[in-house]
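Taking it in order: structure first as structure tokens, then the write-up.
The values are calculated or read from the model by the stated rules, or taken from the named source; none is laboratory data. Given the structure is predicted, the values throughout are model-derived calculations rather than measurements. As a convention, Cβ positions derive from the backbone with ideal geometry for all residues, glycine included, and neighbour counts pool all protein chains shown. The accessibility values were calculated without ligands, DNA or RNA, using every heavy atom of the protein model including side chains. Shrake-Rupley method; radii C 1.70, N 1.55, O 1.52, S 1.80 Å.
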Amino acid sequence: MLEKEPGAFEIYYKDLLGRIGKLKTKSGVIETPHMFPVINPLTQPIAPKIIKDEYKINAIMTNAYLLKKNFGSEVIAKGIHKFIDFDGIVATDSGAYQTLVYGEIEASPEEIAEFQESIKTDIAVILDVPTGYDEDKSKAEWTVKETLRRADLTLKILNEKDILWVGPIQGGIHLDLLSLCAKEMSKKPFSIYALGSPTKIMESYFFDKLVEMIMMVKMNIPLSKPLHLFGAGHPMIFALAVACGCDLFDSAAYAIFARKERYLTENGTLNINNLEYFPCSCRVCSSYNPKEFKALSKNEKEKLLAEHNLWICKEELNRVKQAILDGRLWELLEVKAKAHPMLMKAFRKLSKYKLFLEKHSPIIKRKGLFYFGDEGLSRPEIVRHKIRLEKNYVKPKNLTSLILFPTPNEKPFYLNQNVAKILAKNPQAHICFYLTPFGLIPIELSDVYPISQMEVVSPLDKEAIKESIIEVKKYLFRFRYNSVTLFLPENEIEELNELKKICREICKKKQVKFKLIKMKGFKLKEKI
Ligand SMILES: [Zn+2]
């Protein structure tokens, strides 16, 4: 890895679209997913050196425009690393965000690019034009065109070969523009692509929109390149953004929230003044109780809160990384979705992209899976099982009698007494299990990963029951048996009556013998 050129990006572990990777720069290697704490060159609550030495965060981001405007030649003379006293990796933003907040800035794209080269930054962003959130379509269109024009302009004048340049993708909430911009930007030789201007959307908690924006970009850039999400510093969205394929983040949130006396947690933001207990044991939270903390001076509080906030960001990113290693990123998303209704809405939005997620998620994982409810029907393992059952599965030729049996609690399923009895009595029986999140499971697949390693909440939710019935229907149409026997648990579930009807009708149409055996719960009411 280390011999490779700056810009080389190697991926070691994946889960969903999240990945643990290594990105080479001229000043070292960044392990992704990574959040660059943003350093304000004018006022900074935590010294960059402390961020490296104590937090062990080796890459930060600062603002090229503010540096140029306020310190100009001094930064050029010292180089950015010396100037801010940080011997790790430094990324510089271009000041484009300032244009969004304060209007036009006093520098051209070429000047900002030249400045970034002359201060020897490691990662640089072109001066693009952020779309913003409220822009109408024609204005948004202009920001895309202008950003692409500036990208060409900047790439033409670059001299230094060892800086990683970031190509920002604009378009805001207009997904067609985002897609166009992502496609066009991908043709240009950037080391990193970035989704621009989602800050307002995140501040308003429109996380479902954010999912759509990230996915639109992700589906249109090369997967071999890292994707940066600008201004995403709240830990409550790290897991979701990583799952959608963001490798890098930058944020000043830890410092900005501290200024407003806001205390970050992995699930949301709290007002420090309302706290009687600290739900955290970082250095700050274990040194003070909230009462002592509130008695401190404003400056001291801001500094300490920024420290706590940054610890929380780091901790959450570690949690996300461990979940990627364990193949438990989906489970982490499920847990996090319960923290806020808008996160749940965003989590549900993933179902729109379930095929893309399935295509790029690993097949084998270290651990078993948990199924909590219908959101889980979109997870890659379940989607994959259904696709493969439909496209690749062929029923065993010698088995002519289909037994549809509700999925037992025992694992493997053939340990269930009734299942064992059926198999012993009827060598021609082919048992397929229904009432499972997987839809339908032919017995010969029942102890294959991940089917045998999934813990499912019972009773099964209605959506999963409905989908299971659809799978049974498709299966009955597709394969021919001499007879079909449906073992049906007797209960109040309306959908199961529907299943009975469907089986009967299809068998009639195909002129196949149909038999119904009622069960009380999972116990048989009659002898088989
Ligand atoms: Zn803390």
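Please report the relative contact order for the chain, taking Cα pairs under 8 Å with a sequence separation of at least 6, and give it as a percent rounded to a whole number.
Averaging sequence separation for qualifying contacts and normalising by length gives 11 percent for the chain.
If Lys and Arg each add +1 and Asp and Glu each add -1, what is the summed charge of the other residues whose beta carbon sits under 13 Å from the beta carbon of residue 72?
Residues near residue 72 contribute -1 overall.
Within straight cross-link reach of residue 260, meaning Cα distance under 16 Å, which aspartates and glutamates are found once same-chain residues fewer than 8 apart are removed?
Leaving aside aspartates and glutamates fewer than 8 places away in the same chain, those within reach of residue 260 are 203, 300, 302, 307.
Which residues among segment 115-144 fall inside the zone where the amide N is under 13 Å from a point 7 Å beyond the Cα of residue 204, along Cα→Cβ?
Within reach of a label on residue 204: 132-136.
With both bridge residues required to lie in the chain, what share of the DSSP beta bridges run antiparallel, to the nearest 5%?
30
Order 390-402, 362-374 from most to least packed using the mean count of other Cβ atoms within 10 Å.
362-374, 390-402
Tell me the per residue accessible area of the chain using a 1.4 Å probe; a whole number in Å² is fine.
Accessible surface, normalised per residue, equals 44 Å².
Please give every one of the lysines within straight-line cross-link reach of residue 68, meaning a C-alpha to C-alpha distance under 20 Å, and leave out same-chain neighbours fewer than 8 residues apart.
78, 82, 120
In whole Å, what are the extents of segment 369-524 along the principal axes defined by its C-alpha atoms, from largest to smallest?
38, 34, 30
Rg to Rh ratio, segment 75-171, alpha-carbon atoms and Kirkwood radius?
1.00
Can you pull out the cysteines in the chain that have no other Cys Cβ under 4.7 Å?
For the chain, the answer is 181, 244, 246, 282, 313, 432, 503, 507, because their Cβ atoms have no other cysteine Cβ under 4.7 Å.
Fully extended, how many nm does the chain gain between residue 494 and residue 55 (0.36 nm per residue separation, minus their Cα-Cα distance)?
Between residue 494 and residue 55, full extension yields 152.4 nm more.
Based on alpha-carbon positions alone, could you give the equivalent ellipsoid semi-axes of segment 9-355 from the gyration tensor, as √(5λ), descending, whole Å?
Semi-axes (√(5λ), whole Å): 29, 25, 19.
In degrees from 0 to 90, rounded to the nearest 10, what is the angle of the helix 207-218 Cα long axis to the longest principal axis of the chain?
Roughly 90 degrees, rounded to the nearest 10.
Using the structure shown, select from 52/303; 145/352; 349/473 the pairs with a Cα to Cα distance greater than 21 angstrom.
145/352; 349/473
Sum up the charges of everything whose Cβ sits under 11 Å from the Cβ of residue 319, counting Lys and Arg as +1 and Asp and Glu as -1, but leave residue 319 out.
0
Step through the residues of segment 325-332 one at a time and calculate ³J(HN,Hα) from phi using the Karplus curve (6.51 cos²θ - 1.76 cosθ + 1.60, θ = phi - 60°), rounding each to whole Hz and writing x for Gly and Pro.
4, 7, x, 10, 5, 4, 4, 5
Quick one: pull the percent of accessible area on the chain belonging to carbon and sulfur, 1.4 Å probe, ligands and nucleic acids left out.
Exposed carbon and sulfur together represent 52 percent of the surface.
Over the heavy atoms of residue 385, what accessible area does a 1.4 Å probe trace out, to the nearest 10 Å²?
Rounded to the nearest 10, the figure is 20 Å².
With n ≥ 4 as the cut-off for DSSP H runs, can you work out [θ] at 222 nm for the chain, using -39500 (n - 2.57) per run divided by the number of residues, rounded to the nearest 500?
-12500 deg cm²/dmol
Would you please report the Å³ per residue occupied by the convex hull of the alpha carbon atoms in segment 366-408?
Output value, Cα hull per residue: 142 Å³.
Taking H placed 1.01 Å from N in the peptide plane, check which residues at least 5 places from residue 514 or on another chain put their amide H under 5 Å from its amide H.
The answer is 484.
Kindly state, to the nearest 0.05, the FRET efficiency for residue 453 paired with residue 286, given R0 = 41 Å and r defined as their beta-carbon distance.
0.60
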